[in-house]
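K.L.:
Take a look at the following structure, please.
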Amino acid sequence: MLDFNFCNPTHIVFGKDRVGELASLVPENAKVLITYGGGSIKKYGTLDKVRDALSGYEVHEFGGIEPNPQLATCVKAVEMIKAKEIDFILAVGGGSVIDATKLIAIAAKYDGDDYASLIKNGFNPAPVSEALPFGTVLTLPATGSEMNAFSVISDDTGKYGVYSPLFYPKFSILDPSLTYTLPKTQVANGIVDTFIHVVEQYMTFPVDARFQDRAAEGIMQTLVEIGETCIEKPEDYDSRANFMWCATMALNGLIGSGVPQDWSTHMIGHELTDKFGIDHGRTLAVVLPSLLRQRKDKKEEKLLQYAERVWKLTEGSKDERIEAAIAKTEAFFHSLGVATKISDYAIPREDLRDIIKQLESHGMTALSESGDLTLDIVEKILDEAY
Ligand code: NZQ
Ligand code: ZN
């Protein structure tokens, strides 16, 4: 096992109707800014529940955070925070609202005005030493942002992953019943995103990290078991509860501690979202199968372990078992209504050259667990994914 530090300070409050406990979580007398997206929380009554629970507080609202949140939107929220002297932020929404809130929290305490510098540090810590405290009410299980130190923010030059130890929420309320109103497409996106977060921390090379491997396999098996119920029976509390907890545990540092990781699928996927506007989870579903095929020599041992433990594939040659496991993964995504080919999105093949250019301009030229996944290989991955 590799060496690691593990510290996750986010307080999780899990269960039905626990939004009512907000007053015991938000600091007394705080001036609160509720941040939210395009309006689903208004339409489905979550905002009313939050406002009721915060009835003793001075509360302001900042809505309109878009999917794949923009830096310019975050800056508008910072202006409001300064004008209203806000001292606590409550993000109510999915990954986009939570990610934007993280950026807002550090930008509100940032002295300069070069906000773009906050998002362009690769995965080195953002150059800040303080953040406004914030909590979250999660409405879409997918990103793990409710319990991790990452944020993904776009501007007109691209989509950037940002890291800061200040990005852990003080608390996150996880009420599975708040997900009942999600459109099927978003549920499918969330399941695929969660599954691939696990794959990217698992599908590298063995380091005898038995707990991390089995926890990762447990999350993947759970998602396969509950996937269809999550889609077909939106109000099945138990499957939504399992989904929500899997999504959080998939990317809160636990299964990634002490193991090599390969985030190539995400890095290529972010460029596909940036260029073509495809939803985050859906970009991953087109890249991953092709990437696994291109890299099966590097990942052979873990692919065989995945085939045996997740898909119970024990017959045939090594190559046959690996191919069968990749085919099962594709079939799982299809069962959720998620496509696994770029051509399903009506994108001209020649436009894929722009993805290579974008990766180059963002410095993403040496991807994977060993830094040897070059742009030539990305070209082959995209070609086969078409
Ligand atoms: O904006 P509203 O009106 O709220 O609607 C949203 C949005 O249109 C809707 N929605 C959310 N909860 C709902 C609901 N509709 C009905 N009922 C509910 N309960 O769903 C739509 C998508 O929301 P969004 O937050 O964009 O989705 P998701 O949670 O998948 O977040 C995607 C973003 O997270 C980033 C992605 O790159 C993308 O920008 N990621 C963040 C990560 C992190 N912070 O660690 C890691 C991930 O890999 C990912 O990159
Ligand atoms: Zn993701």
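K.L.:
Filter the range 244-266 down to residues that are more than 13 Å from the chain's Cα centre (by Cα) and over 21 Å from R293 (Cα atoms), then give me how many there are.
P.N.:
Within the range 244-266, residues that are more than 13 Å from the chain's Cα centre (by Cα) and over 21 Å from R293 (Cα atoms) number 7.
K.L.:
Next question, about the same structure. What is the one condition in (1) under 19 Å from the mean Cα position of the chain (by Cα); (2) over 22 Å from Y160 (Cβ atoms) that G269 does not satisfy?
P.N.:
(2)
K.L.:
Right, something else. Of these, S24, S40, which one is of a type in the set (S, T, N, Q) and free of Cβ contacts under 8 Å to residues at least 12 places away in the same chain? Talk me through it step by step, then tell me what you get.
P.N.:
Working: S40 fails: free of Cβ contacts under 8 Å to residues at least 12 places away in the same chain.
Sole residue among the options that is of a type in the set (S, T, N, Q) and free of Cβ contacts under 8 Å to residues at least 12 places away in the same chain: S24.
K.L.:
Oh, and also: Out of the residues in the range 171-190 that are under 14 Å from the mean Cα position of the chain (by Cα) and near ligand 1 (Cβ under 7 Å from one of its atoms), state the one that is farthest from F6 (Cα to Cα). It would help to see each step written out before you state the result.
P.N.:
In the first step, residues of the range 171-190 are kept if they are under 14 Å from the mean Cα position of the chain (by Cα); the result is 186-190.
Now restrict to residues that are near ligand 1 (Cβ under 7 Å from one of its atoms): 186, 189-190.
On the way: Q186: 30, N189: 28, G190: 25 Å.
Within the range 171-190, the match that is farthest from F6 (Cα to Cα) is Q186.
K.L.:
While we're here: Just to be sure I understand, how many residues within the range 1-44 are within 13 Å of ligand 1 (Cβ to nearest atom) and surrounded by fewer than 12 Cβ atoms within 10 Å (Cβ to Cβ)?
P.N.:
2
K.L.:
Now for a different question. Given the condition within 16 Å of ligand 2 (Cβ to nearest atom) and in contact (Cβ under 8 Å) with a residue 60 or more places away in the chain, answer yes or no: does some residue in the range 209-220 qualify?
P.N.:
Residues of the range 209-220 within 16 Å of ligand 2 (Cβ to nearest atom): 216, 219-220.
Filter once more, so that each one left must be in contact (Cβ under 8 Å) with a residue 60 or more places away in the chain: 220.
For the range 209-220, residues within 16 Å of ligand 2 (Cβ to nearest atom) and in contact (Cβ under 8 Å) with a residue 60 or more places away in the chain: present.
K.L.:
Would you pick out the residues in the range 225-272 that are more than 15 Å from ligand 2 (Cβ to nearest atom) and polar (S, T, N, Q)?
P.N.:
T229, S239, N242, S257
K.L.:
Turning to a different aspect of this structure: For L367, state whether it is crowded, with 19+ Cβ neighbours inside 10 Å, in contact with a Leu (Cβ under 6 Å, 6 or more places away or on another chain), of a type outside the set (S, T, N, Q) and modelled with pLDDT of 95 or more. Can you show your working first?
P.N.:
Numbers: crowded, with 19+ Cβ neighbours inside 10 Å: yes; in contact with a Leu (Cβ under 6 Å, 6 or more places away or on another chain): yes; of a type outside the set (S, T, N, Q): yes; modelled with pLDDT of 95 or more: yes.
So L367 fits the description; yes.
Results for (1) crowded, with 21+ Cβ neighbours inside 10 Å; (2) part of a helix (DSSP H, G or I); (3) within 12 Å of ligand 1 (Cβ to nearest atom); (4) among the basic types (K, R), shown as yes or no for each residue.
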| position | (1), (2), (3), (4) |
| --- | --- |
| L132 | no, no, no, no |
| G135 | yes, no, no, no |
| P141 | yes, no, yes, no |
| E146 | yes, yes, yes, no |
| I153 | yes, no, yes, no |
| G161 | no, no, yes, no |
| P169 | yes, no, yes, no |
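The values are calculated or read from the model by the stated rules, or taken from the named source; none is laboratory data. Everything numeric in this text was worked out from a predicted model, so none of it was measured. In this analysis, Cβ positions are derived from the backbone assuming ideal geometry, glycine residues included, and neighbour counts consider all displayed protein chains.
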